There are 2 protein chains.
Amino acid sequence: MKAWLSHLSLDLTVSPSSPEELARAELSSALPETVFRLDNDPSLGEGYRIQKKADGSFTISGGKTGILYGAYAMIRSALSGRGLPESLFSVPKYGLRMINCWDNMDGTVERGYSGRSLFFEGDRFQYNPLRMMELGRLMASVGLNVLCINNVNVHNPAQLLLEDFLPEAKRLADLFRPFGVRLMFSVDFSQPMRHGIPTADPLSPLVQDWWKKTAQEVYRAIPDLVGFLVKADSEGRPGPFTYGRNHADGANMLADAVRPFGGKIIWRCFVYNCRQDWRDVQTDRPKAAWEHYAFLDGEFADNVILQVKHGPFDFQVREPLSPLLLGMKQTNLAMELQLAQEYTGHQIDLYTMIPMWKEIFEELPADNIMSVAAVSNLGRDDNYTGHPLAAVNFYTFGLMAWDPETHAESAVSEWIRLTYGFRSEDEKALLKVLLGSRRTYEKYTAPLGIGWMITPHDHYGPNPSGYEYDLWGTYHKANREAVGIDRTEKGTGYLLQYPEELQKKYGDPATCPDLYLLFYHRLPYSFVMKDGRTLIQRIYDDHFEGYEETKAMAEVIRSLPFPEPDREIILSRMDRQLYNAKEWCDIINTFFRRLSGADDARGRTIYD
Amino acid sequence: MKAWLSHLSLDLTVSPSSPEELARAELSSALPETVFRLDNDPSLGEGYRIQKKADGSFTISGGKTGILYGAYAMIRSALSGRGLPESLFSVPKYGLRMINCWDNMDGTVERGYSGRSLFFEGDRFQYNPLRMMELGRLMASVGLNVLCINNVNVHNPAQLLLEDFLPEAKRLADLFRPFGVRLMFSVDFSQPMRHGIPTADPLSPLVQDWWKKTAQEVYRAIPDLVGFLVKADSEGRPGPFTYGRNHADGANMLADAVRPFGGKIIWRCFVYNCRQDWRDVQTDRPKAAWEHYAFLDGEFADNVILQVKHGPFDFQVREPLSPLLLGMKQTNLAMELQLAQEYTGHQIDLYTMIPMWKEIFEELPADNIMSVAAVSNLGRDDNYTGHPLAAVNFYTFGLMAWDPETHAESAVSEWIRLTYGFRSEDEKALLKVLLGSRRTYEKYTAPLGIGWMITPHDHYGPNPSGYEYDLWGTYHKANREAVGIDRTEKGTGYLLQYPEELQKKYGDPATCPDLYLLFYHRLPYSFVMKDGRTLIQRIYDDHFEGYEETKAMAEVIRSLPFPEPDREIILSRMDRQLYNAKEWCDIINTFFRRLSGADDARGRTIYD
């Protein structure tokens, strides 16, 4: 048993038969001295209510899985040293708390940095049932309840999860069910065409019938399947646009097919022109999602959920909130986060995400969305997340998905205690490193919200102009005078997609927060920031600081008593992060000095 | 039968038994009306002497293969409309006229743009014997006599060509022998270590014995094998440096092993630090070969040939002559060219090389070298070279390797006549396009000798700073003031590796030819060229011209009566070249305008 449950010695050689049985086993194993009464109260659903009785025993009431979540809440509380609360009541803010795996059936994981797929190898299912139960337990322990096992880019033969592989998919669903985890499949919108149907037009009766029949068979095997996840008309995936239909047409057709079974369609809104001409300054990629979806607000069936990436680009270190998440009041929305550190260090560099998520929720009214999803950072590595400290993201995502008001510091502390049980000063030191790691990474990479100065395709390490003349719509257009894209009404107009108060806040460089400056504005290097520094000096300072902070972080990390094998993995990755941070720092500074001609005001070395 | 021999209908279903038999068959098939007498004169070696007799018959005298080359000379002359010369005497300037295939046994071809390997698939030999004979005939028809069939990067299991695959390699050698083509193998310097020998140290008797024993077995199977081609201590390949030995130690050890059988060691001099820190301005990659080899002049065994790339970098559009080719007077040298258009358009863009080779020989005293090699541009495509017009490079390489004084225009004309038999005006039009194609490609790509502004790894299309912060030692260091590397004595000192007159010529921007300016000098954008234009304006002009020339070239190409399937292939690649040329033109101009701030003096569009 790994990760934060490593200190729980529950022997799971056979799957528990129900969440309640699992709850009972976990409690008696973790807290053998305490008496718990489990009280099934379906009215509480996934929520739970815990009461201490006068005799020192506890009653955990809840729906089927609510009891399980209550049990884990007690265990987390006890094992993290907070003791057992006398009373506790909690219901999840979001009904679907989803992990999206980008696993391919050939065993690779798209943007996976933790080894090969946990589920697949050699174009078929191949998994260790014990690890599936461990994963179920890891998910349940932090309240996660949906697992989409295959990549949204549905590569052959993953489309057969709905067909030939269905019996095996059913067995996997059975394995996860006692953990309160329901499966979901990514599907290929054009799948009917593999069955002699000449079209995938969502308005074609042939297509509709195929999906209905298929849904029927899928739900016969897996009655509690969450539904289908769809990436359509995006980065080369097929979709309704081929047939002159819009995305409501496409999503609603699938929604009809799964409705009789209580199924949902999770429809990803990651649609943009990925063949953009870099010379075209009218098109601005961040505007794309709004342009494709906002006008459809209210048109989607009630069992369709639009899954929107948190920012308008693609999981950069810093992005503003996607305007769709603020503007589609009559549509079911899920917010998509990414645990996989695609652009944020590949699980080599430390990057604890919860401070970023807290910032996101500062601008996002929590009720605007009804679900959250995160792209998985899991793989077949023994520690599941490649970097042992990357597990904090999986853990805290669970807590945030349950309750977005989760306190960042407490959540990370809790994870440290469960995982390493450090003495107080070590815990504090690690806590500080983790909580600061995102800002540090941000400092040494692309400055002040511009993003994308990263090695193309691979997405690790610096390449300041790697995307500059490419087709992806991700440009900074730095020249000898200025850098950034004007996205105000005077520029691309992207900012007009926001409510007026945000337009005001971000529209004026004087009120725009520094860290978003170059996302919204094109500014000369001589621009004077609120604190009196020039823009170019701020860029230099951030980069030098980012590297210095990384060095300091490495000192702390080296001093901590991580157990093996974690220690060796952590230290070797720390060395790679140091190298990476130095490369970023020097390359970005050199890049801007070559353009601006400005020397560092503090005389630090910027290479020619 | 393909390429320039397509009009020769010789039916080769079984291999001829000897070059003489082949010569006879070719002559009677191509020139059935003419009587030829073949006269074996071993004293002529590969050369030939042809005399017309009073009765109208011809005598072709020559050594075994000399007769064959004489026969092809007559056929080429007749079929290209020049008639049959009354007398002709020719001996090849270089004894080894080599094609180096970078074919891997898995069927891929490193830097191959003509489909998969002609020789290998699925980690074993797999070839069409008829195509092998076609290839033998293509080589013989232009005097090429050495074929190294496997990649210099010897990937598993190609090391087994010397062992398990030897019987099959022997069969291939037997197939090629009647065409005057002898095989060569690339070998892995560390191969003894796969046989329980704990080292590959060239001074170890165990290692020496292993190679001697292996050479004996190899030569027993293939007595006329040319020898071994070795890439050692280069880009991750093993070599003598591992054991503190120098390259003479390494090469001479192998030379000892093959000497009893008349074998040669072709030792590649492509050694440089491919893990360079971009911050390091002391190291200058073009200096590397000289530093590694020049001091060893005179130390190599007489059956070692150092194979030196023509320029000090790596097959860029324009490079000066490698100083090694001028400075190692006591060493056998081969010059390495590249037919594969790795950096020069991937056999999509037109790039006829002979004008470049002629320039090289203007600075290279032909006697400085004793062999020439070219990296193959061949593959399993029906037309062998991917782009039908890329065959001109294979053809003219053969003629140049035989006689570096070959006239470029005549050679290309001859190829056009043999291949397409165009009417005079079409031939002239195509000739002009082909002869100008290299300069056009040069104009729209990296300017004035700096090179390397190409998409990393893939090497097609522009990426002005793609290599700028990388490990490969290929930097331009363009900033807002200036661009280029000072390689004079005031800079990296590379120029000091040349004879004094060249130091003078290139050392002063005033006398340095324009097209080498940014290779040797770092110059401000405001630098005034000999013709009065500023450097930046010259860059803009070249790029606009390069694109305009490509458009004009496309017009000509579309007007020519190429037969199918060539026409379709040529036109579709021409469209891709047009796109590529436009990308290059605009991206390079934008890149330099962003840095320099200079507008185009002629008001043409340079994008922001």
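A short reminder: the numbers here are calculations on the coordinates, not readings from a lab. Only a predicted model underlies this, so the values are computations on that prediction, with no experimental measurement involved. Every residue, glycine as well, gets a Cβ built from its backbone with ideal geometry; the counts of neighbours run over all protein chains shown.
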How many nanometers, to one decimal and shortest first, lie between the label point of B:LYS213 and those of its other copies, if labels sit 7 Å from Cα toward Cβ?
6.8
Residues of the stretch B:176-204 with backbone nitrogen within less than 13 Å of a virtual label 7 Å along the Cα-to-Cβ line of B:GLU110, please, listed as ranges.
B:186-189
If R₀ is 60 angstrom, what is the calculated FRET efficiency for the pair A:LEU502 and B:ASP123, using the beta carbon separation as r and rounding to 0.05?
0.50
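To check you understand DSSP bridge types, tell me what percent of the beta bridges within the stretch A:3-90 (both residues inside) are antiparallel, rounded to 5.
On the way: 9 of 14 bridges.
Counting only bridges with both partners in the stretch A:3-90, antiparallel ones make up about 65 percent.
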Between the DSSP loop rule and a limit of at most 12 other Cβ atoms within 10 Å, which GluC sites (Glu not before Pro) in the stretch B:53-133 are left?
B:GLU86
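Other chains' Cβ within 10 Å of A:584-596 residues: what's the mean? Mind dumping the intermediate values first?
On the way: counts 1, 0, 4, 6, 1, 0, 6, 4, 0, 2, 9, 5, 2.
For peptide A:584-596, the averaged partner shielding equals 3.
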Can you tell me what share of the DSSP beta bridges in chain A is antiparallel? A percent to the nearest 5 is fine.
30
How far, in nm to one decimal, is B:ASP164 from itself in the other copies if the label point is set 7 angstrom along Cα toward Cβ? Shortest first, please.
3.1
Among B:GLU336, B:GLU501, which comes first, then next, by fewest other beta-carbon atoms within 10 Å?
B:GLU501, B:GLU336
Along Cα→Cβ, 7 Å out, is where each label goes; now give me the distance between the ones at B:ASP608 and A:ARG558 in nm to one decimal.
4.8
Give me the distance in nm between label points sitting 7 Å out from Cα along the Cα-to-Cβ direction at A:TYR579 and A:THR34, one decimal.
4.6
Let me confirm one metric for peptide B:465-472, namely the mean number of other chain beta-carbon atoms within 10 Å of its residues' beta-carbons.
5
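Just in the stretch A:549-608: which trypsin sites (Lys or Arg not before Pro) are loop by DSSP and have at most 16 other Cβ atoms within 10 Å?
Values: sites: A:LYS551, A:ARG558, A:ARG567, A:ARG573, A:ARG576, A:LYS582, A:ARG593, A:ARG594, A:ARG602, A:ARG604; in loops: A:ARG602, A:ARG604.
Passing sites in the stretch A:549-608 are A:ARG602, A:ARG604.
Can you compute the helix-only [θ] at 222 nm over chain A? Use -39500 (n - 2.57) per DSSP H run of at least 4 residues, normalise by all residues, nearest 500 deg cm²/dmol.
Details: 16 runs with 215 residues, N = 608.
Taken over chain A, the calculation gives -11500 deg cm²/dmol.
Can you tell me the FRET efficiency between A:MET529 and B:LEU203 if r is taken as the Cβ-Cβ distance and R0 is 60 Å, rounded to the nearest 0.05?
Numbers: r = 64 Å, r/R0 = 1.07.
Efficiency at R0 = 60 Å is approximately 0.40.
What order do you get for B:LEU578, B:LEU254 when you list them from fewest to most C-beta neighbours inside 10 Å? List each step's numbers first, then the result.
Numbers: B:LEU578 16, B:LEU254 29.
Taking fewest neighbouring Cβ atoms as first place, the list is B:LEU578, B:LEU254.
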Alpha carbons only, please: Rg and Dmax for the stretch A:233-342, in angstrom.
14.4, 49
For the stretch B:454-533 and the stretch B:75-96, what is the separation of their C-alpha centers, rounded to whole Å?
42
Run down the aspartates and glutamates and flag those whose C-alpha is under 15 Å from the C-alpha of B:LYS490, throwing out any fewer than 8 positions away in its chain.
B:ASP284, B:ASP508
Post the alpha-carbon centroid distance, the stretch A:300-319 to the stretch B:249-277, in whole angstrom.
58
Any idea what Rg and Dmax come out to for the stretch B:439-506 if you just take the C-alpha atoms, in Å?
13.8, 37
Counting other beta carbons within 10 Å of each Cβ, put A:GLU26, A:GLU427 in order, fewest first.
A:GLU427, A:GLU26
What does a probe at B:LYS329 reach in the stretch B:357-384, counting residues whose amide N is under 14 Å from the point 7 Å along Cα→Cβ?
B:365, B:367-369
Write down the percent of antiparallel bridges among all DSSP beta bridges whose residues are both part of the protein assembly as shown, to the nearest 5.
30
Expressed in nanometres to one decimal, the distance between label points 7 Å along Cα→Cβ at B:ASN156 and B:ASP174 is 3.1
Of B:LYS432/B:LYS505; B:LYS231/B:LYS504; A:LYS358/A:LYS582; B:LYS329/B:LYS504, which pairs sit farther than 24 Å apart, going by alpha carbon to alpha carbon?
B:LYS432/B:LYS505; B:LYS231/B:LYS504; A:LYS358/A:LYS582
Along Cα→Cβ at 7 Å, what distances in nm separate the B:GLY56 label point from those on the other copies, shortest first?
12.5
How many percent of Cα pairs in the protein assembly as shown exceed 46 Å?
47
Which ³J(HN,Hα) values in Hz, rounded to whole numbers, follow from the phi angles of the stretch A:370-378 under the Karplus curve 6.51 cos²θ - 1.76 cosθ + 1.60, where θ = phi - 60° and Gly and Pro get x?
10, 8, 9, 9, 9, 5, 5, 10, 9
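Which of the trypsin sites (Lys or Arg not before Pro) across the stretch A:387-479 are loop residues per DSSP, with 13 or fewer other Cβ within 10 Å? Spell out each step's value before the answer.
Details: sites: A:ARG417, A:ARG423, A:LYS428, A:LYS432, A:ARG438, A:ARG439, A:LYS443, A:LYS477; in loops: A:ARG423, A:LYS477.
Here the trypsin sites (Lys or Arg not before Pro) that fit, given the DSSP loop and packing criteria, are A:ARG423.
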Equivalent ellipsoid semi-axes, chain B, via Cα gyration tensor eigenvalues times 5, rooted, Å
38, 32, 22
Amide H contacts of B:GLN307 (H built 1.01 Å from N, under 5 Å, at least 5 apart or other chain):
B:TRP267, B:ARG268, B:CYS269, B:ALA334
